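Data first, discussion second: the structure below is written as structure tokens.
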Amino acid sequence: SVDTPTPDSGAAAPESASHQDATTTTTSESAVPTGAPSPTRADDPWPEVDWGGWNGTVDSLPEQYHDMAHGVSEWYQRDYQKKNDEIADLRMMYAAMLTGEEDPRVGELTKQLEELQTQYDSKGTEYEELQKTLEQTQEHAVKDYVDQFWREHKELAQDQEKLAKFAPFLEETEELGGMWDGYVAAELIELTDEARQIAIEAKKDGVSDFYALKLAKAHAQLEEAKAQPPAPSAEEVAAAQAKAEEEAKAKAPRTGAKITNGATRSSRPNVAKTTMNDAKSLDEMRVLAARRAFSVHGGGRK
């Protein structure tokens with residue numbers, strides 16, 4: 001006889017299935033924000049893929065997986081190619097060992113070494129040419145600098161005493177703080193020994209030539225200002241002005257001298273002018289003409 005399922009055993013499976021559905025529904029509902037529609041298989045952002053039945057082509061996957069699949073595929077292809085090259089090299093090596101030929105890797109390394117040696121020689125030639133060009137450029141620059149310097153300092157070139165002071169500044173000596181710029185040195189030798197020493201000490205402390213020269217010049221100007229006589233006081237200025245006024249009054253001409261100084265015959269009010277028309281003879285005309293000429297050249301009217 002066939003055992004018929006009891007009602008309890010037949011109802012067990014549906015009850016279990018309904019319990020799983022309820023659990024799934026509860027989990028889905030808890031993952032979905034309140035008020036959002038329930039997700040379906042069609043709008044799942046990452047749909048399930050049967051990886052066991054996948055044919056290996058990226059295009060057969062859902063579009064969401066394309067970028068990831070391309071990345072993984074490229075990585076494995078590179079790794080496969082690397083392993084394949086290693087296997088090929090090993091095959092060639094073992095084949096050469098079996099036939100007594102040279103290891104092919106030796107030939108490849110020798111070829112690479114020769115290529116690198118050729119590149120090194122080429123770079124060395126380029127470096128030598130650049131070095132030669134740089135040296136020529138430096139020589140031209142130095143020559144132009146020297147020529148221009150002596151064009152601007154012709155007097156220095158003719159003064160042996162100044163040249164004796166100037167020459168040590170162009171040498172690498174610790175006593176002077178090292179080699180100096182030629183233009184700066186030409187100005188330094190014109191300063192006093194004290195000012196020059198200030199510039200040397202500044203250069204020893206790391207100050208540039210031009211700023212050391214400025215310090216020396218500033219010191220020289222300060223010493224020159226200190227050597228000047230003090231400015232006169234207000235009392236001395238007032239006394240000098242009073243003395244000048246007294247001397248000016250003493251040298252001024254008297255009032256009468258002002259009237260008669262440079263006076264002419266026509267400046268006397270009580271004497272009437274005598275003109276050429278008043279002359280009665282040729283001799284009188286000559287006398288009048290002589291007097292007129294004397295009065296004009298003597299400071300009278302012009």
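Rounded, prolate or oblate: which fits segment 30-187, taking a ≥ b ≥ c as square roots of the Cα gyration tensor eigenvalues, rounded meaning a/c under 1.5, else prolate when a/b beats b/c?
Numbers: a/c = 5.87, a/b = 2.07, b/c = 2.83.
It comes out oblate by the Cα gyration axes.
Using θ = phi - 60° in the Karplus curve 6.51 cos²θ - 1.76 cosθ + 1.60, the 3J(HN,Hα) couplings for segment 110-121 round to 5, 5, 5, 5, 5, 5, 5, 5, 5, 5, 5, 4 Hz; x is entered for Gly and Pro.
Available extension along the chain between Leu134 and Ala250 is 33.7 nm, counting 0.36 nm per residue and deducting the alpha carbon span.
Quick one: plug the Kirkwood hydrodynamic radius of segment 106-227 (C-alpha pairs) into Stokes-Einstein at 4 °C, 1.567 mPa s, and report D in µm²/s.
This corresponds to a translational diffusion coefficient of 72 µm²/s.
Per-atom-type breakdown for segment 189-245 gives carbon and sulfur 58% of the accessible area (1.4 Å probe, protein chains only).
Per residue, segment 102-235 exposes 77 Å² of solvent-accessible protein surface, assessed with a 1.4 angstrom probe and all protein chains in place. With both labels modelled 7 Å from their Cα along Cα-to-Cβ, the Gln160 to Gln77 distance reads 8.9 nm.
The values are calculated or read from the model by the stated rules, or taken from the named source; none is laboratory data. These numbers were taken from a predicted model, which means no experiment stands behind them. Glycine gets a Cβ as well: all are built from the backbone with ideal geometry, and neighbour counts include every protein chain shown. We work out accessible area using only protein heavy atoms, side chains counted, and drop any ligands, DNA or RNA first. Shrake-Rupley method; radii C 1.70, N 1.55, O 1.52, S 1.80 Å.
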